[in-house]
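Taken together, the values in this text are just the output of simple stated rules run on the coordinates, not laboratory data. From a predicted model like this one, the values you see are computed outputs, not experimental measurements. Neighbour counts run over all protein chains shown; Cβ positions are idealised from the backbone, glycine included.
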Amino acid sequence: MSTPTEQQPQGTTDPASANMVRVCDRCGTVCSTDQEWCLNCGVRMTEATQGLPGLRAAGLVVALAVLLAGGAAAASYAALRGDARSAANVPADTTGAPVAQAPPATAPVAPVAPVAPAATTPTTSTTTSTAKKPATPAAPAAPAAPAAPATPPASGGGGGSTGGSTGGGSTGGSTGGGGGGSTTTTPTTTTPREPTSGPVVFASGQGTIYDPAGHAANKGEEGNAIDGSTGSSWKVVLNEGQSGGLGYVLDFDDATALKRLTVNTSTAGLKIKVLGTTKSALPPDELDSNWDTIASERTMKSGRNAVPLKAVSGAKSKYRHVLVLFTSIPGDPATAVIREFTASS
């Protein structure tokens, strides 16, 4: 049996439930219809107008239909313009073809009038007038009609053919020839330029020590000789009793013609000579016949030493390997210090 106090809340909840007919989309709290914000989570309540997804879909369909109609109209317009342009671009040379065939019609007329060399009548007559009046003395001008095909390149050529029909002599012919010559272009020939000389940039690993007899006691950092910096150097120390017979070889993937070699060294009195080979494999020693001498023996001073390279004893001009051979190294033990090798082609 319910007490009056228990029935009191039921009487009060009915009006509230009649007003609270909306539910928050986020937290599920029941809210009144005129409530704009959820008092529990603070989210804005969904408006009634937003509950009509059909309007948005209908608007999207209408927009797509308008875009498709506009695209179809643009494509049709472009196709019509393309047809008009293709029709306008039809070559008009067909009308000129019958004119070029006019000389065969006048050719039979030439033997009809050999006795009338009147110069005034051919001046005013053209190829079409001779066709209308086959019996007039204008027939001798028929041989000049083939000169008409030469007139399209320039107006000067047309003047040349008219002069030939009026003068009938060397003057008219020279005038026409001069007009045609002024319009023709003579081909110009250009002589190929020789490749300009410039410094050769060596890559890492492109140079290495050449010591087939094993005279070096300490080979040093051989890559420093072509690293592009004089701050680093390559130092090689020979075994006791040895003073030469080794060197530094520069390798090229393709045969290369070097014009000058510069040796930057701090070893005064070092003697070198430069050899080259066209073989892909290095010869076994410096005395092998596959080496060509491209710079004779010379003594280096401390600093930069420019060594010109040129073919001697019938040597080639391009080489796969270039050897800087140390023929004599001073010191005990013999020691050579190379700051940098540079070359130009």
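Overview of results
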{"item": "Extended-chain gain in nm, criterion 0.36 nm per residue less alpha-carbon gap, residue 43 and residue 25", "result": "5.6 nm"}
{"item": "Entries of 279/318; 259/318; 279/301 with Cα pairs more than 22 Å apart", "result": "279/301"}
{"item": "Cα-projected label distance for residue 229 with residue 271, points at 7 Å along beta-carbon direction, nm", "result": "3.5 nm"}
{"item": "Spin-label model distance (nm) - residue 221 vs residue 287, 7 Å beyond Cα toward Cβ", "result": "3.6 nm"}
{"item": "Net charge, residue 212 excluded, C-beta distance under 14 Å - Lys, Arg +1, Asp, Glu -1", "result": "-3"}
{"item": "Relative contact order, percent, the range 246-345 [alpha-carbon distance under 8 Å, six or more residues apart]", "result": "48 percent"}
{"item": "Likely footprinting exposure, 215, 321, fewest C-beta neighbours within 10 Å first", "result": "215, 321"}
{"item": "Length released on extending from residue 201 to residue 297, taking residue separation times 0.36 nm less the Cα-Cα span", "result": "32.1 nm"}
{"item": "Reciprocal mean inverse distance between Cα atoms of the range 254-329 - Kirkwood radius, Å", "result": "12.8 Å"}
{"item": "Inter-label distance, nm, simple model (7 Å from Cα along the C-beta direction), residue 57/residue 251", "result": "7.4 nm"}
{"item": "Equivalent ellipsoid dimensions for the range 201-344 as semi-axes, Å, which come from the Cα gyration tensor, largest first", "result": "22, 17, 15"}
